[in-house]
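The structure appears below as structure tokens.
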Amino acid sequence: MRYNPQTIEEKWQEKWGDEGIFQPEISDKEKYFITIPYPYLNGNLHAGHTRTFTMGDVIARHRRMLGQNVLFPMGFHATGTPLIGLAELIAKRDPETMRVYTELHGIPEDLLEKLDSPEALAAYFGREAEAAMRLIGYSIDWRRKFTTIDPAYKKFIEWQFERLHELGCVVKGSHPVRWCPNDRNPVEDHDLLRGEGANILDYTLLKFRLKSDALNTPDASDTSDESNVWILPCATLRPETVFGVTNLWINPDVVYVKARVNSEQWIVSEEAYQKLTYTDREVERIGEISGRDLVGKTVENPVIDHDVLILPASFVDPANGSGVVMSVPAHAPYDYLALRDLKGVELIDYGILDLSDIELISLIAVPEMGEFPAVEIVEELGVKDQSDPLAEQATKLVYRREFHHGVLKNNTGEYAGVAVSKIKDILTRDLIERNLADIFYEFSELPVVCRCGTTCVVAMVKGQWFLNYSNPEWKSKVYAHLARMQILPAELRIEFENKIDWLKDKACARRKGLGTRLPWDDEWLIESLADSTIYMSYYIISKYIGQLDVEQLTPEFFDYVLLGKGKIDDVLVDHDLTRQIRDDFEYWYPVDIRSSGKDLIPNHLLFFIFHHVALFPEEKLPKAIAINGFVSLEGEKMSKSKGPLLTLKQSVGEYGADVVRLYILSTSEHTQDADWRSEGVESTRKQVERFYNIAHDVIEMPEAEADCEPKVIDRWMMSRLQRRVQETETALSVLRTRHALQNAFYLLMSDLKWYQRRGGISSLKEVMNVWIRLMAPFTPHICEELWEAIGGDGFVSLADYPVPDPDLIDSNSERAEKLVEDTLDDIEEITRVAGITPEKITLFTAPLWKNLVLKQALIAKQSGKLDMGALMKELMSNPEIKKHARDVPKFAQKLVRDVQNWNDEQVAYSLAGVDELDVLAESAEFIGKEFGCSVAVLDADSAGDDVDLQGKRRFAEPGRPAIYIGGQQ
RNA sequence: GCGGGGGUAGCCAAGCCAGGUCAACGGCGCAGGACUUAAGAUCCUGUUGUGAAGACAUUCAAGGGUUCGAAUCCCUUCCCCCGCACCA
């Protein structure tokens, strides 16, 4: 009987389909609703999908066999821009695209040429994806499939956004993006020549007012006239240090711009001025002023009553921030160094006579550091001056210590006592409210250059629609629900918490792409991640779409079926049908588990929770999330657009569905990345074949042969089987597929090998019956085939999943086999090391007195009172032991040392013991066969000296018989 | 930089949370043997070193510490992977 995966797999997929066994309806049974993120339709499914989806299918199949009513649906994602981009590239026959899609995605060229519209692509890849998922045997209810550009789905999305809008979750605002002024477009990482890693940082601009002795105005002292007020905004990431400013820095060699910014007058560098024009401020250039002319002037600190001088500094980079820098020498090494560097420099040209008035102001208390951390670190590192590269390091060091451990001092007024790590947002918000500060966005690395060669800026997109994820109330509801959710693996919970914390408002509308329009503002398309947040509920509806008219899908309909709100009279869909859908929803929802790749944690999975929490009552919120890692190919990262790529279809075509499924899940688990290696798949194929062959041997075995009295080895086999079943179930319950398969497949297989080696027969059929069911979630086709062959009832996919039977756990037989195995290993080692070809093996079990000593020691250990003195006293009171008084101390001493280190389990194991003489005698024939010689088993007490040729028997210990091997060296 | 996950014998990879049967599960590869006309398949054995009797020595990124005892706990350092947003 040759294993032919293609035949078997086709056969069972057809049967499953014909009988519709994966099309659940509501019933009295407990339900289980599992979903996997639907695939995006810009290519064929590949090894990465194979992993995530197979994971889901195994969960579904496992739950189904546990007796739950399992719903496992699937849809397709087509919203957004990639499909449009791809269609354009195909339409213009872009050579690279044509190559990738013919070679890697395996699309015939003539067919590919026709896929020049997003709709054609979506239709094609949708068909291919479904075919691929059927080919690998996923137990999906295909009646519910849909695509995110279906008219009915759009109605659903419109309803969702209508609701979110009402709830105040969608708001209008502005937000910063990386922007190419030349292309007049936001840029993404792959659009960039330089600065791919650049983040957008939010600097605080602190508004220092120029004092009255200022600029070209006849009567500058009249500050009631706004035109006389000039603001020097300083950009900083550490706004709290404004309390410690001693001076400002201006680059004397730079020409600054005087500008009207909204209703104020600012002085900033040329570059900063340009940047401001891309923000949502109204900006007008008024004039220029040289940095040199600003030096020596005085400004007012916006937060405290303190006037400070403007000093010259060459380190001020006009391209960075506003080109105006505030100086906090107590906490910023550069400022301290620059100030120190100015000492003794002639500044009279700037009208500055003396810097001796400038005193450092400390505002942060850091444990184990003095008043002026910057000074301390500069001296510690021996930084020479502001151009010394060490200055950078000093800055980081101070920052790190102050940020993590620093607390604001009393001179920060109402903020005293606040941790530095918490102050930024609070202070910035307060100062903006009082119009003393502003936000200024800047890249974390400069420059950022677009592919077109233009330097990018941060631009504010105006009038954008946002999901206001930063809303603390929304967030706290999400936190609260997260705490109730199961996260697998559990270690990732903290990651979710961190990401919830980190999440800011998210722009949710786009100008370009496929998708649904915002119902209240049809110039905007709903962004594609935002339209994929609660679609699991749509699977309930999608099954019935053929029975209703899209125009009937009014908000009242969705309110009624999804939220149980409103009156059925307001619903246009047939009322019986509506009630049916409502019942379905009540039965199937919430999602019991969402299983996904780890790349979706900071986006989709987060939004999934956010939107559910916003829209649904607590009992309809998702219960669990499971995460799995990526898949690489022969150590290389996969890429849909460049390769390498292995499609699901290719891999199944080459190895068969069951082999692919088994391989992808056994090679790694949880967040570990799996590496697809053809060598490994090949060996998995052989293992599956072996499984098939073993099974057939067993199935074809005549009943009579199998029918005999159960021996130790049979009890051992059944006992091991229970343990494997138990481990598999435990592992599967937390989705440790690798661990599950190690037990369900590999370890069980090696148990079975040992069983057969030991001559076991009578349990084979029963083991096989369990084994087939145990493997069914992983390799369903081959298991159906074997289940049928073994005469199982119905589909194995619907059979009961094995549960361990505690009554069949037989520790005694396991201990017995352990003894045999250990003895075998010892004999093996002796023959190898001594180079003996054995002719006769004699085994001596330990004498009674040694067993008594051990037992006594174990009992003492168990009661926590094992010590040599007391033990000896007790031992010697036993006449049987006392007979061997000469040998007892040495043996006992070694024993005490060993037993002292044992844990409870070991003690109990050893205490239970086995009848060694009996066990070894029974396996003498087996051992003899293994070594091709005769084996005698004696007990050390009764064996005569004539059989103990080399006096070996004195080495016998409990659990470790003495061995004498006669033979040729 | 911040956050998360890692570094175990030729490779992959358990063990680490709950320290002690851990020279360290399992698989692959490799070597030897059995079976076979041969190959394949299957089975057995070995795969840190030493060892003519079942042993001993040295290992779990590196260094230090806690402990009777550390791959496992603590500290420091080095290295790798992933995410950091308007892409899906």
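Would a scan of region A:483-495 turn up a residue that is away from RNA strand B (no atom under 14 Å from the Cβ) and either open to solvent by less than 60 Å² (accessible area, probe 1.4 Å) or not in a helix (DSSP H, G or I) (or both)? Yes, the conditions are met somewhere in region A:483-495. Testing A:I432 on (1) part of a helix (DSSP H, G or I); (2) surrounded by 17 or more Cβ atoms within 10 Å (Cβ to Cβ), one condition comes back false. Which one is that? It fails just one condition, (2).
Across region A:180-197, the number of residues qualifying as surrounded by 20 or more Cβ atoms within 10 Å (Cβ to Cβ) and within 9 Å of RNA strand B (Cβ to nearest atom) comes to 1. When region A:783-831 is filtered for residues that are of a type in the set (S, T, Y) and part of a loop (DSSP other than H, G, I, E, B), only A:Y801 remains. Residues A:D574, A:D584: which one is charged (D, E, K, R), touching a Lys or Arg at 6+ places or on another chain (Cβ under 9 Å) and more than 30 Å from A:E88 (Cβ to Cβ)? It is A:D584. Looking only at residues in region A:147-176 that are within 15 Å of RNA strand B (Cβ to nearest atom) and assigned to a loop (DSSP other than H, G, I, E, B), which one is nearest to A:I36 (Cα to Cα)? The selected residue is A:T148.
Contact map, region A:813-834: residues that are among the aliphatic types (A, V, I, L, M) paired with residues that are more than 8 Å from RNA strand B (Cβ to nearest atom), Cβ distance under 6 Å, separation 6+ or inter-chain. Pairs shown: A:A816/A:V712; A:A816/A:V914; A:A816/A:V919; A:L819/A:V919; A:V820/A:S923.
Go through the residues of region A:546-557 one by one and say whether even a single one is open to solvent by 40 Å² or more (accessible area, probe 1.4 Å), away from RNA strand B (no atom under 16 Å from the Cβ) and not in a helix (DSSP H, G or I). Taking every residue of region A:546-557 in turn, at least one turns out to be open to solvent by 40 Å² or more (accessible area, probe 1.4 Å), away from RNA strand B (no atom under 16 Å from the Cβ) and not in a helix (DSSP H, G or I). Considering (1) buried (at least 19 other Cβ atoms within 10 Å of the Cβ); (2) farther than 17 Å from A:F53 by Cα; (3) away from RNA strand B (no atom under 16 Å from the Cβ), the lone condition that A:S651 does not fulfil carries the number (2).
Once region A:74-89 is narrowed to residues that are in contact with a Leu (Cβ under 6 Å, 6 or more places away or on another chain) and within 9 Å of RNA strand B (Cβ to nearest atom), the residue that is nearest to A:I157 (Cα to Cα) is A:T79.
Can you find even one residue in region A:736-758 that is within 28 Å of A:L66 (Cα to Cα), charged (D, E, K, R), near RNA strand B (Cβ under 10 Å from one of its atoms) and part of a helix (DSSP H, G or I)? Scanning region A:736-758 turns up at least one residue that is within 28 Å of A:L66 (Cα to Cα), charged (D, E, K, R), near RNA strand B (Cβ under 10 Å from one of its atoms) and part of a helix (DSSP H, G or I).
The rows are residues; the columns are (1) modelled with pLDDT under 90; (2) more than 10 Å from RNA strand B (Cβ to nearest atom); (3) of a type in the set (S, T, Y).
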residue: A:L467; (1), (2), (3): no, no, no
residue: A:W474; (1), (2), (3): no, yes, no
residue: A:V478; (1), (2), (3): no, yes, no
residue: A:G513; (1), (2), (3): yes, no, no
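The listed residues are A:P777, A:P806, and the only one of them that is crowded, with 23+ Cβ neighbours inside 10 Å and not hydrophobic (A, V, I, L, M, F, W, C) turns out to be A:P777. Can you tell me how many residues in region A:314-330 are closer than 19 Å to A:Q393 by Cα and at pLDDT 90 or above? Summing the residues that are closer than 19 Å to A:Q393 by Cα and at pLDDT 90 or above in region A:314-330 gives 4. Take the conditions (1) of a type in the set (D, E); (2) at pLDDT 80 or above; (3) closer than 27 Å to A:E271 by Cα; A:E392 misses just one of them, which is (2).
Of all the residues in region A:28-57, those that are open to solvent by 50 Å² or more (accessible area, probe 1.4 Å) and touching a residue at least 40 places away in the same chain (Cβ under 8 Å) number 1. For region A:670-725, filtering for residues that are among the small types (G, A, S), open to solvent by 50 Å² or more (accessible area, probe 1.4 Å) and within 16 Å of RNA strand B (Cβ to nearest atom) leaves 2. Taken together, the residues in region A:832-865 that are within 11 Å of RNA strand B (Cβ to nearest atom), surrounded by fewer than 16 Cβ atoms within 10 Å (Cβ to Cβ) and part of a strand (DSSP E or B) amount to 2. Here the condition is being surrounded by fewer than 18 Cβ atoms within 10 Å (Cβ to Cβ) and farther than 30 Å from A:V896 by Cα; of A:D800, A:D822, A:D826, it holds for A:D800 alone. If the condition is being of a type in the set (S, T, N, Q), more than 8 Å from RNA strand B (Cβ to nearest atom) and not in a helix (DSSP H, G or I), then region A:910-969 contributes A:S934, A:S942, A:Q968.
The values are calculated or read from the model by the stated rules, or taken from the named source; none is laboratory data. Here the structure is a predicted model, which means the values were calculated and not measured. A quick note on method: Cβ atoms are made from the backbone with ideal geometry, for glycine too, and the neighbour counts reach across all protein chains shown. Heads up: the accessible areas ignore ligands, DNA and RNA and are worked out on the full protein's heavy atoms, side chains in. Shrake-Rupley method; radii C 1.70, N 1.55, O 1.52, S 1.80 Å.
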